[in-house]
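Quick notes on the structure that follows.
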Amino acid sequence: MKRMLTVDDLARDQRFERIRIEDVVFDPRRPTELRNGFAPKEEESPDAARGLMHAIFVGEIQALEGAGRTCYDFDTGTGHDEAPFELKLDMARQCWDEARHVEISVKLTEHMGSEIGEFAEQTLLFEAACNADPVLRLTGVNRALEGLAIDVFNTMRDYGDMVDDPVLFFCEDWMLADEVTHVKMGSDWLRRLTVNDKERQKNALDFQHTVDKLFSFGGFRGENEENPVHLARKFRSLAGFTDDEITELVDVAAQAQKEAEAMSEAAAASLGA
């Protein structure tokens, strides 16, 4: 069986269409002024919620694939290309959770009036899970991307409450609890594996910073009223984030929003010229 799969190795049927996250964030047709499309008063909020639900669905598939690869890709040991057996057990537990999340997300997609393949799939989550160092996988996937899942599930749970959809609320609340566990595993293993290697820890946190910035989607996530997804401070704290790390993440999101706005405006101006 092949180790270290690439995105091109992922198996998908004809329902799935892939896009690049960069093409979405820096699309010149993208509005430069953000509006929270999940506010129930917004006319497009049902479509925005369905689109996010589909993104959750494909993200859960990739999280399952990524955790499964970590169980297989590395030998058991202490080197950079190895992973302790206990870490693999935690990743196997995460596979179990992610498989359940995929099933829940499929049913929620149908419940919300959508279907698999109605929206495109971007694959940055699995790309982060392809790193050759298991510690960088933990920071890129379990802390950055599963951290985003905490924010997204909390937002969708609140949306279900606002639109009086108890099915959506219950399912998102259930999966949110799992995501806190996944992020906590990443936080704990990061500290355990780098306790005597501060340079490796710094490299891993730098990688997390890069992934966090990309997955702020140029203002999609933040703490302002216009940001569709808000940082879930309480749940991130439960998952092992310090107050300083949360503050830094707020700054990263704000920086990503400013850069995306500037690039979108420049692209729109060049098209107009």
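The values are calculated or read from the model by the stated rules, or taken from the named source; none is laboratory data. Given the structure is predicted, the values throughout are model-derived calculations rather than measurements. Note that we place each Cβ from the backbone using ideal geometry, even for glycine, and neighbour counts take in every protein chain shown.
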For this session: Filter the stretch 113-147 for residues that are surrounded by fewer than 19 Cβ atoms within 10 Å (Cβ to Cβ) and within 11 Å of residue 57 (Cβ to Cβ) and give the result.
Result: 115, 116, 117, 118
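Here's the yes/no breakdown for (1) farther than 19 Å from residue 66 by Cβ; (2) crowded, with 22+ Cβ neighbours inside 10 Å; (3) touching a helix residue (DSSP H, G or I) at 6+ places or on another chain (Cβ under 8 Å):
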| site | (1), (2), (3) |
| --- | --- |
| 157 | yes, no, yes |
| 184 | no, no, yes |
| 192 | yes, no, no |
| 198 | yes, no, no |
Exercise. When both residues are 6+ apart or on different chains and their Cβ atoms are under 7 Å apart, which pairs have a first residue that lies in the stretch 108-136 and is in contact (Cβ under 8 Å) with a residue 24 or more places away in the chain and among the charged types (D, E, K, R), and a second that is assigned to a loop (DSSP other than H, G, I, E, B) and buried (at least 22 other Cβ atoms within 10 Å of the Cβ)?
Worked result: none
Exercise. Given the structure, is residue 102 in a helix (DSSP H, G or I), at pLDDT below 90 and within 24 Å of residue 212 (Cα to Cα)?
Worked result: no
Exercise. When residues of the stretch 156-167 are filtered for being closer than 15 Å to residue 50 by Cβ and not in a helix (DSSP H, G or I), how many remain?
Worked result: 2
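Results for (1) at pLDDT 90 or above; (2) in a helix (DSSP H, G or I), shown as yes or no for each residue.
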{"residue": "130", "(1), (2)": "no, no"}
{"residue": "139", "(1), (2)": "no, yes"}
{"residue": "147", "(1), (2)": "no, yes"}
{"residue": "153", "(1), (2)": "yes, yes"}
{"residue": "169", "(1), (2)": "yes, yes"}
{"residue": "173", "(1), (2)": "yes, yes"}
{"residue": "178", "(1), (2)": "yes, yes"}
{"residue": "182", "(1), (2)": "yes, yes"}
{"residue": "187", "(1), (2)": "no, yes"}
Problem set entry | the stretch 137-161: number of residues that are under 15 Å from residue 206 (Cα atoms) and in contact (Cβ under 8 Å) with a residue 60 or more places away in the chain | 8
For this session: Assess whether residue 55 counts as being among the small types (Gly, Ala, Ser) and more than 18 Å from residue 150 (Cα to Cα).
Result: no
